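This report refers to the structure that appears directly beneath it.
The values are calculated or read from the model by the stated rules, or taken from the named source; none is laboratory data. Treat the numbers as computed from the prediction; the structure is a model and nothing was measured. Heads up, the Cβs are rebuilt from the backbone with ideal geometry, glycines too, and the neighbour counts pull from every protein chain shown. Quick note on the areas: whole protein, heavy atoms, side chains included, nothing else; ligands and nucleic acids left out. Shrake-Rupley method; radii C 1.70, N 1.55, O 1.52, S 1.80 Å.
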Amino acid sequence: MNLRPEAAPTFPLPPGEGGPKGRVRERPPGSGVQFVATPRPGGLAIIPRDAKAEAATLERLAGWAGQFSSVISLAPPDSLLLEIGGSVRLFGGLDKLCSGVRNGLDALGFNVCLAVTPTPLSARLFAHSGRETYITDLGSLRPALAPIPLKFLPVLPDILAALDDLGLTSLGDCLRLPRAGLLRRFDREFVDYLDRALGRAPDPQRRYTPPAHFESRLPFPEEVVHTEALLFAVSRLVSELTGFLRATDTGVQRLDIALLAPRLPPQRLTIGLVAPNRDAPHLFALLRERIQRLELQSPVHEMVLHADTLIPWEANTEKLFKQAGQPRKNPAALIEQLQARLGVDAVHGITEVPDHRPHRAWQRCLPMSARSAGRRLNRPLWLLPEPVPIEDPRPPRLQKTQGPERIEGGWWDGEDIARDYFIAISARGTRLWIFKERQGERRWFIQGMFA
């Protein structure tokens, strides 16, 4: 199906939801509403609309919606315009594309009305009037617009009153009048609006540019005193984050959460990842592990999720033929889950160091950052904290199978050694790494064990 480049779904809330003008509303209430009515013992608590919060919410939604289209425009105070002409085939058809948009916004807690038309203004008219419409042919646009009441047109009240005096109640009534007559009775701006809505005149839109970092906040309708209640907010914010990351083709390797309370410093939580990630279930699982072990310092009124550094995304290349029954292995995900549960300091890697002395030949490193020193020596993975003396290294107690390997060094740092190392098998069949001193008492010791 071919769409004109101007085809644009727009997402306002149907009229009547949240007040006479509140077409964008979040659940739970907080921002982007005309009124919030909360039952109280003494009646209803009425909270006025927050225009600043609405604008911020609309911008956040634009960043999230970029995963469905690369051309997005803000239509304040309650609409987004997406150019989807180049996205329909990518998403497998118009129905699948619109279902993805609707399901994603529903997961974020928004009530929406979608309209797909060849022009931005007509899409806004359908959506504002609560008429979900899917029109891809410009020739079908005019008859579809005809039933829309004139009260949904964003024109001056004087013009609406003049139209009503003429007995005109719908857009179709206006369109049946001669264009020259409309120009004589009304200003040029009104007629230009109709021309742009019908596709008779160009209607360029200002393109939205996403920010260089991600930040989203979610106020709570009531103060939160238990960590379990925070998980709903985490799920919402992570869904918004991963949509933004797909839209910008980036991933994150660090997430910061701030729990806000009035007149108190924020309680902060940081999650580090081994590799860039943008998988919503995985990020939610990591944050859930940390939050479930968190002790709240005070009741929480608002949660803020912040990702300062966005890393360009490098997609993994799949094999052409997958082997059945073999799940995809992701060591980074396992490491991140262990860090979230045990703590960052409890999970680390081991990397080689160019030093022949066994206790100096390795050191801790960040997971998955180990590097080889280029040696291929037969050494055990398990080294004892301190060498254990051997009373009698002779057969049958120990049978040497390989060696000696002479190691001398360390004079430069005061930890010099001179030893002959052997691989031996004990009477129980355990492979041991043993050595004999070449200085002093020339005793025998066990240094480590082979698996």
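Observations on the structure shown:
- Between the listed residues Gly181, Asn111, His226, the Cα displaced farthest toward the positive end of the dipole of the range 106-235, a dipole computed from Cβ unit charges relative to the Cα centre, is found at Gly181.
- Taking the Cα atoms of the range 120-241, the ratio Rg/Rh between the radius of gyration and the Kirkwood radius comes to 1.18.
- Its residue count N sets the reference 2.2 N^0.38 Å, and the alpha-carbon radius of gyration of the chain equals 1.50 times that reference.
- Quick note on the range 352-451: its Rg to Rh ratio, both from C-alpha atoms and Rh being the Kirkwood radius, is 0.98.
- About its Cα centre, the range 42-100 has a charge dipole of approximately 120 debye under the convention of +1 per Lys or Arg Cβ and -1 per Asp or Glu Cβ, with nothing else charged.
- Once both labels are positioned 7 Å from their Cα atoms along Cα-to-Cβ, the gap between Arg397 and Ala45 label points is 7.8 nm.
- Modelled this way, with points 7 Å down the Cα-to-C-beta line, the labels at Leu231 and Arg371 are 4.2 nm from one another.
- Fraction in percent of alpha-carbon pairs per bin - 5 Å, the range 71-173: 2, 11, 19, 23, 19, 13, 7, 4, 2, 0
- Note that the chain presents 57 Å² accessible area per residue, ligands and nucleic acids not counted, probe 1.4 Å.
- The chain - charge dipole about Cα centre, Lys and Arg +1 at Cβ, Asp and Glu -1, debye rounded to 20: 1260
- Taking only protein heavy atoms and a 1.4 Å probe, the accessible area of the range 52-148 is 54% carbon and sulfur.
- Förster-model FRET efficiency, 56 Å R0, Ala146 and Arg254, C-beta, rounded to 0.05: 0.55
- Label-to-label distance for His301 and Glu386 is 5.7 nm, based on points extended 7 Å past Cα in the beta-carbon direction.
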